[in-house]
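One structure below.
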Amino acid sequence: PGGGPATPGKRRLGVMGGTFDPIHHGHLVAASEVAAQFDLDEVVFVPTGQPWQKSHRQVSLAEDRYLMTVIATAENPQFSVSRIDIDRGGPTYTVDTLRDLRALNPDTDLFFITGADALGQILTWRDSKELFSLAHFIGVTRPGHHLSDPGLPEGGVSLVEVPALAISSTDCRARVAKGDPIWYMVPDGVVRYIAKRQLYRGE
Ligand code: ATP
Ligand code: MG
């Protein structure tokens, strides 16, 4: 797999990694749009373990982020959630995620979906050269983010424009902290879960 054209007959699995603190409709629209454009059989959402890029901020408990991701994706038969990064423990490196998913899914082409903002930093990730042999990379653009890094390998990366959704987890958390509504920014079940667990109150 890696870059290049798809292999006919192989299962096509999208991989959406993220902190999902909380998961929001930007994530869901991006996954849905990429699944349609790349004819994916399934998209697996993979909540991170303790994310090393964000170690300056207190990230919500992995179980809360995992459950919100399950709640948000449960009714879509094309979406699933994997615990591999949470259960591995320690900081999450995308190369580990992709190696594990490759081992668990033989005869499958992997398509790693990531925001164009994160894709711009990809060459700073651990084992960045190996990454492109494990999966095809799909950068989704959202308002205010543009792909800048010219060093990305040709053919290994595609860009997809997602219908503009100016939603971020950071903004959702700030809104909850201020008492502003997040209805319709995240799925209803996630709004209720955040209230039940009193997440993001003191930020
Ligand atoms: P934070 O504000 O805490 O950074 P986030 O909204 O960026 O959170 P993440 O869990 O970091 O959410 O994102 C997981 C993946 O989804 C990343 O690749 C990110 O770039 C992408 N993404 C986040 N928000 C959107 C959006 N509105 N549209 C498309 N992709 C998004
Ligand atoms: Mg982010």
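Readers should treat all values here as calculations from the given coordinates under stated rules, not as data from a laboratory. Everything numeric in this text was worked out from a predicted model, so none of it was measured. Because the Cβ atoms are built from the backbone with ideal geometry, glycine has one as well, and the counts that use them run over all protein chains shown.
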Sequence-distant residues sharing a close amide H with Val160 (under 5 Å, placed H) | Gly139, Val140, Thr141
What's the exposure ranking of Val186, Val191, going from fewest to most Cβ atoms within 10 Å?
-> Val191, Val186
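Show me the three semi-axes of the equivalent ellipsoid for the chain, from the C-alpha gyration tensor (sqrt of 5 times each eigenvalue), largest first, rounded to whole Å. Write out the running numbers ahead of the final one.
Details: eigenvalues 148, 61, 59 Å².
Calculated on Cα positions only, the semi-axes equal 27, 17, 17 Å.
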GNM result for the chain, Cα springs below 10 Å: residue of Gly26, Gly17, Gly179 fluctuating most strongly = Gly179
Give me the distance in nm between label points sitting 7 Å out from Cα along the Cα-to-Cβ direction at Ala174 and Asp87, one decimal.
-> 3.7 nm
So how many Lys-Lys pairs in the chain land under 28 Å Cα to Cα, not counting same-chain pairs under 8 apart?
-> 5
Given only helices, namely DSSP H runs of n ≥ 4 each adding -39500 (n - 2.57), what is the per-residue ellipticity at 222 nm of the chain, to the nearest 500 deg cm²/dmol?
-> -10000 deg cm²/dmol
If exposed trypsin sites (Lys or Arg not before Pro) are those in a DSSP loop with at most 16 other Cβ within 10 Å, what is the longest stretch of the chain that has none?
-> 127-200
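Can you tell me the dipole magnitude for the chain around its Cα centre, using point charges on the Cβ only (Lys, Arg +1; Asp, Glu -1), in Debye to the nearest 20?
Working: 20 positive and 24 negative charges, 122 e Å.
Dipole of the chain, to the nearest 20 debye: 580 debye.
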